[in-house]
Amino acid sequence: MTRSDEEAVVGIYRAENRAMVERDQATLERILAETMTLTHMTGYVQPRQEWIAQIMDGKMKYYSSTEERVFDVVVEGDQASLVGQNRVKASVWGGRG
């Protein structure tokens, strides 16, 4: 893994967080794999397209996402992962957090 690989992965992570706040459907669809899922605090595993649709229709409203730290960036061939910690202000299915 090169430094530029790591920077590219972190850049995509940051783009995802910006896109969910900005309700940027095109960016989310471009950077997130079709097989991506989001696991909620409740344990519900939400498919990518359902999550994006709920961002777009306001069922999930992200007001802000402030990055606190990124670590454990791993690049292996054409796959990558990272662990990130963000403080998110959102209204999810009517609840505010």
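The values are calculated or read from the model by the stated rules, or taken from the named source; none is laboratory data. Note that the structure is predicted; figures quoted are calculated from it, not measured. Cβ sites come from the backbone with ideal geometry, for glycine too, and all protein chains shown count toward neighbours. Accessible surface areas use protein heavy atoms only, side chains included; no ligands, DNA or RNA. Shrake-Rupley method; radii C 1.70, N 1.55, O 1.52, S 1.80 Å.
Numbers below:
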{"read-out": "Residue pairs meeting the criteria (Cβ under 8 Å; at least 6 apart or on separate chains; first of a type in the set (D, E, K, R), in the range 73-93; second not in a strand (DSSP E or B))", "value": "Glu76/Met1; Lys89/Gly97"}
{"read-out": "Complete set of residues in the range 47-65 that are closer than 23 Å to Val10 by Cα and either open to solvent by less than 40 Å² (accessible area, probe 1.4 Å) or within 12 Å of the chain's Cα centre (by Cα) (or both)", "value": "Arg48, Trp51, Ile52, Ile55, Tyr62, Ser64, Ser65"}
